[in-house]
Amino acid sequence: MRRVGLVVGSLFMTMAAGAAVWWAAFRIPRLEPEAVLAVYRQDAGYPPIVVNDPPDQAVFPPEIAPPTFRWQDRRSHAWLVTVALDGGKRVYADCRLPQWTPKPDQWSEIQAASLEKTANVTVLGVDRRAPQRILAAGHVAFGTSKDEVGAPIFYREVILPFEEAVRDPSRIRWRFGSIDAAEQPPIVLENLPVCGNCHSFSSDGSVLGMDVDYANDHGSYAIAPVEKQMALDSRKIITWNDYRRDDGVPTFGLLSQVSPDGRYVVSTVKDRSVFLARPDLAFSQLFFPIRGILVVYDRQTGEFRSLSGADDPQYVQSNPAWSPDGRSIVFARAPAYHLEADDGREVLLTQAQCQVFLDGGKRFQYDLYRIPFDGGLGGDPEPLLGASHNGMSNYFPKFSPDGKWIVFCKAKSFMLLQPDSQLYIVPAAGGEARRLACNTGRMNSWHSWSPNSRWLVFSSKANSPYTQLFLTHIDALGQSTPPILLDRFTSPDRAANIPEFVQAAAGSIARINERFIDDHSFARIAGEAIHQGDLDRAEEACRRALAINPASADALCNLGAVMARRGQTDEATRLFRQAIRSDPKLARAYDNLGTLAAGRQQYREAVEHYRKAVKLDPQFFPTRLNLGILLLTRLNQPAEALPHLSQAARLLPTDASAQSYLAVALERENRPAEAADHFRVALRHQPDHLMAMQGLAYLLATAKSDLRSPKEAILLAKEACRLTNDQNAESLEILAVAHAAAGQYDAAVQSAARALEILHAAGDDSRAQKLVRRLRQYDLQRQAAMSTP
C-alpha cells in the first residue's frame, strides 16, 4: 500500500509540475488599453467583428441589470471593449472570451452617461502576444431611456419538443421576477402534475387566472387573488364545461383573459382545435382553433354567458383581449371549419384530420374584430381596420395600457409558433398597421405591454429552438427599438413563453402551491400516460392516487391496465375486480375484463363482460367496438355484431377501424354497397388504413353488381402492397384477385406466387394449400386466354 501511495503521489507531483510549466508557457498578459488604442485607426478597414448583443441602436430601460455584450470574431485571441462617454471619458474591458458583462458600477456609470443619449461601443480584436496589431474591429451604439419598465414579468418555461411537456407536465415551471435582478427570476410554480397553460392578470395585478386540469376536466380554470404565498385549491377553480353542459360538447377553454377590473374572465369555449406534434424541435407543435365561441364568466354572480357578437357558430372566435377600460374586446375570427362525419364531441382533431392543413396546403387565416362588452351583453362585431381582410392571419391582439395602440401578430396562416410570425402595431381605433422594428428573423409572439405603455416584452426563436424573451421600447408615436435579449430570463433547456408584465412588486408572488390535486387528478394522469405508452409514469400516478384514496376505482382500473400491458394478467384481473367492487358502474373495468378473457380465448366469458359494460354505458366506444369485433371475428356472428359496430361508428365516425369492421359485417350480411361506403369513409379519415384498403379492394374485385371495379381494386391493392413493402401475403393475394378480375392473369400468377413464398416462409401451410389451388386456377385462366383466337 505504501508503494502504491508513493507512485500516486509522484504521479500527482509530476502532473502539477506539468501544469505549472504549461501555465508559464501560455500565461497571457493583460491588455493595456492605451497601447491598443494608440495603434487603432477608425479608417483602417479592419475585418469586421459582428456584435450580436445588443443590436445597434438598441435602448435599455434605466433599471435593467448589467447585460452581456456578445460578438463574433474567429481571428482574434483577445478583445478590448471601449465605451465612449461624455467628456472624453471611457470605460474599458479586457476580454478573453467574445463577450463582456459590465460590473455593476461600470454599468451604472454607462447608463447615467447614456440617459436619453447615445453610447458608442468599440470592440477591438487582437493577438494577445502582439497587442499592437489589431486583427478586427466592431462597433455598436445604444442608449438608455428615461422610461422605466416598472413591473416584474411572470412567464412559463416549457421543455421541448412540446410532446414531452404534454407527456410530463410536471417539468413545466413558472418564474416571476424583474429585470433589475442579477440572477434568473425565481421559480414560483413547478412540479404541477397536470397541465397548466395560459395565464393572465387583472390590470392592477391583484387577480391571477390560469388554465389548469382538475378532476378529469380539461376546461378547468383557476382564479386566485395574488398573494406572496398563493394556494390554488378547488374553491378557486371553475370549469368552462359548466357553460351549456347538457349539450354534451366538451370544452378546453382556450386563451382565457381576466378583465382589467378582475371581475370577469373571457374564453373560447365549445372549441375544436388542430393539435399536431411535429418532429422539428423549434416548432414541435401545430395548434390553432377551428371552432369556438367567446363566453364570459362573472366572478360576482358565478354565471356563464356567451358574448353576443362573438358567439356565432359559423365562425371560430378566439384570442380575446380587453381594452384597458374593459368596455370592449378585440378578438380573432375566421370561418369555422367543419369536417365530414364529425359530431364535434372531440376537442382535438385526429392526426389524419389535421393532414388537410399540411399535405393539402389548406390555409387558415384570422381577422381581428372588435365588439362592445357592455356588461357581458356584447354587440355587433366590426373588423379592426389594418388587422383584418389583408390576406394574412392576424391574431394575439394586445392593447397598450394607455388605450392608444394594439400590437398583434401577423403570419401567412394559422397562429401560435409560426416561423414567419411578425409583430405589427395599429391604432386602437384601427388604421394603418406598421411592422415593428423590434421583429427578429424567426417567430415573434407572446407579447405583453409594460404598465406605462413604453415597453413590450415578447418571445422569439431568433437565436435558438428554445424561445427567449426580448424587450423593446415603444415611443409615443408607436415606434419600436431593436430588441434586447433578456438573457437572465432564459434557461438553456427550456422555452420561455407567455411573458406578462404584472403591476405588482417583484416579491409579491413568492410561491404558488397547488392544493387541488386529488386522486381523480392522478388517475387521469395515469390514463394519459397509458395512452402515451409510459407505463412507469402511469403506475407512479396510480400509486399516488391510491395513497390518497385506496378505493379509487379509476386508479385501480388504470393500474390494472398497466399490469395487463406488462403481461401480469392475474394481477390485472384482481385490480379490475377490485375497481368494480369500489364502483359497480365502472363500465371500462368490465371492458378490460372482457379483453383479458378474449386474450385467453374465453370468448363467451368475454362477451358476458362486454355486455355488462354496454349495459352500464351504452355510449362507451371501446366496448361497442370490442364486442362487435369479437362477435364478428371469433364467434362468426355478423348479425349480432352489426348493431354494436354500427353504434361504434356513430360514436366515433373518424375511427377507421370501427368503419372497417362495420364494412366487413355489412359485406357478410350481403350488403356490399353499404360495406363499400364504410370502407371509403375509413380511408377518407385514414388514407393508409390497411384493413380498409384491403377490404375495399377485395370487394371491388369480387362484387357481382355495378359496384365491381377491377381497375380501382388493382390500384388499392397495389397501394396496400406498397405500404407493407410487398411482405404482406394478404395484400398480395388480394392484388392477385384484382388482376384476375381484370383479366390480367400473368400479373395474378406473379402476385399469388409471391404471396405463396411468404406463406411457406411463415409456416402457414393451411393458407398456402388454398392459395396453391387458386394459383392453378389463375394459370389455367391464363392458358385459356392465350389459346383464345
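The values are calculated or read from the model by the stated rules, or taken from the named source; none is laboratory data. What you see is a predicted model, and the numbers here were worked out from it, not measured in a lab. In this analysis, Cβ positions are derived from the backbone assuming ideal geometry, glycine residues included, and neighbour counts consider all displayed protein chains. Protein only, heavy atoms only, side chains kept; ligands, DNA and RNA dropped before computing areas. Shrake-Rupley method; radii C 1.70, N 1.55, O 1.52, S 1.80 Å.
Tabulated values for the structure
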item	result
Strands (runs of 3 or more DSSP E) fully within the stretch 410-508 counting 1 or more residues that are charged (D, E, K, R) and touching a strand residue (DSSP E or B) at 6+ places or on another chain (Cβ under 8 Å)	495-501
Every residue from the stretch 76-91 that is more than 14 Å from His139 (Cα to Cα), touching a strand residue (DSSP E or B) at 6+ places or on another chain (Cβ under 9 Å) and open to solvent by 20 Å² or more (accessible area, probe 1.4 Å)	His77, Leu85, Arg90
Count of the stretch 703-724 residues which are surrounded by fewer than 19 Cβ atoms within 10 Å (Cβ to Cβ) and more than 26 Å from Asp655 (Cβ to Cβ)	5
Residue identified as aliphatic (A, V, I, L, M), under 24 Å from the mean Cα position of the chain (by Cα) and either within 30 Å of Thr68 (Cβ to Cβ) or open to solvent by less than 10 Å² (accessible area, probe 1.4 Å) (or both) among Ile179, Ile223, Ile172	Ile172
Identity of the residue in the stretch 185-207, part of a loop (DSSP other than H, G, I, E, B) and modelled with pLDDT under 95, that ends up most open to solvent (accessible area, probe 1.4 Å)	Asn191
Residue list for the stretch 379-409, restricted to those being in a loop (DSSP other than H, G, I, E, B) and open to solvent by 40 Å² or more (accessible area, probe 1.4 Å)	Asp380, Pro381, Leu385, His389, Asn390, Gly391, Met392, Pro401, Asp402, Lys404
Positions within the stretch 565-592 being farther than 17 Å from Phe620 by Cα and under 30 Å from the mean Cα position of the chain (by Cα), in sequence order	Arg565, Arg566
In the stretch 41-63, residue farthest from Cys438 (Cα to Cα) [restricted to those that are surrounded by 21 or more Cβ atoms within 10 Å (Cβ to Cβ) and not small (Gly, Ala, Ser)]	Ile49
Those residues of the stretch 644-701 which are open to solvent by 10 Å² or more (accessible area, probe 1.4 Å) and closer than 13 Å to Leu716 by Cβ, in sequence order	Arg680, Leu683, Pro687, Asp688, His689, Leu690, Met691, Gln694, Gly695, Tyr698
Among the residues listed as Gly143, Gly138, Gly150, Gly125, the single one being surrounded by fewer than 20 Cβ atoms within 10 Å (Cβ to Cβ) and over 34 Å from the mean Cα position of the chain (by Cα)	Gly143
Leading residue by the ranking (nearest to Leu586 (Cα to Cα)) among those in the stretch 626-637 that are part of a helix (DSSP H, G or I) and open to solvent by 20 Å² or more (accessible area, probe 1.4 Å)	Asn626
Asn592 assigned to a helix (DSSP H, G or I), in contact with an Asp or Glu (Cβ under 7 Å, 6 or more places away or on another chain) and modelled with pLDDT of 95 or more	no
Considering residues of the stretch 593-603 that are of a type in the set (Gly, Ala, Ser) and within 20 Å of Phe620 (Cα to Cα) only, the residue surrounded by the most Cβ atoms within 10 Å (Cβ to Cβ)	Gly594
Options Arg454, Arg494, Arg442, Arg515: the member that is open to solvent by 20 Å² or more (accessible area, probe 1.4 Å) and within 23 Å of Gly386 (Cβ to Cβ)	Arg454
All positions within the stretch 208-221 that are part of a strand (DSSP E or B) and in contact with a Gly (Cβ under 7 Å, 6 or more places away or on another chain)	Met210, Asp211, Val212, Tyr221
Test result for Ala222, touching a Phe, Trp or Tyr at 6+ places or on another chain (Cβ under 8 Å) and under 30 Å from Ala506 (Cβ atoms)	yes
Criterion (at pLDDT below 95 and of a type in the set (Gly, Ala, Ser)) met by exactly one of Ala572, Ala545	Ala545
Ala747 in a helix (DSSP H, G or I) and surrounded by fewer than 18 Cβ atoms within 10 Å (Cβ to Cβ)	no
Yes/no for Ser521 being over 22 Å from Ser170 (Cβ atoms), among the hydroxyl-bearing types (Ser, Thr, Tyr) and surrounded by 15 or more Cβ atoms within 10 Å (Cβ to Cβ)	no
Scan of the stretch 365-378 for residues that are open to solvent by 10 Å² or more (accessible area, probe 1.4 Å), in contact (Cβ under 8 Å) with a residue 40 or more places away in the chain and within 24 Å of Gln285 (Cα to Cα), ordered by number	Gln365
Pick from the stretch 108-122, criterion under 15 Å from Val59 (Cβ atoms) and of a type outside the set (A, V, I, L, M), ranking: surrounded by the most Cβ atoms within 10 Å (Cβ to Cβ)	Ser114
Subset of the stretch 92-104 that is surrounded by fewer than 19 Cβ atoms within 10 Å (Cβ to Cβ) and within 43 Å of the chain's Cα centre (by Cα) - its residue that is farthest from Glu34 (Cα to Cα)	Pro104
Filter result for Ala768 (closer than 24 Å to Thr724 by Cα and assigned to a helix (DSSP H, G or I))	yes
Residue check, Tyr366 among the aromatic types (Phe, Trp, Tyr) and touching a Ser or Thr at 6+ places or on another chain (Cβ under 9 Å)	yes
Complete set of residues in the stretch 153-169 that are crowded, with 23+ Cβ neighbours inside 10 Å and either without any contact (Cβ under 8 Å) to a residue 60 or more places away in the chain or over 19 Å from Leu469 (Cα atoms) (or both)	none
Selection status of Gln727, more than 21 Å from Leu690 (Cα to Cα) and of a type outside the set (D, E, K, R)	no
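So that you can scan it fast, the table gives a plain yes or no per residue for (1) closer than 30 Å to Ser464 by Cα; (2) free of Cβ contacts under 8 Å to residues at least 12 places away in the same chain; (3) open to solvent by 10 Å² or more (accessible area, probe 1.4 Å); (4) in a loop (DSSP other than H, G, I, E, B):
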position: Pro260; (1), (2), (3), (4): no, no, yes, yes
position: Val274; (1), (2), (3), (4): yes, no, no, no
position: Leu286; (1), (2), (3), (4): yes, no, no, no
position: Pro289; (1), (2), (3), (4): yes, no, no, no
position: Gln300; (1), (2), (3), (4): no, no, yes, yes
position: Phe304; (1), (2), (3), (4): no, no, yes, no
position: Ala310; (1), (2), (3), (4): no, no, no, yes
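This table checks each residue for (1) out of contact with any Cys (no Cβ under 6 Å at 6 or more places or on another chain); (2) touching a residue at least 60 places away in the same chain (Cβ under 8 Å).
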{"site": "Leu417", "(1), (2)": "yes, yes"}
{"site": "Ala429", "(1), (2)": "yes, no"}
{"site": "Cys438", "(1), (2)": "yes, no"}
{"site": "Ala462", "(1), (2)": "yes, no"}
{"site": "Pro465", "(1), (2)": "yes, yes"}
{"site": "Pro483", "(1), (2)": "no, yes"}
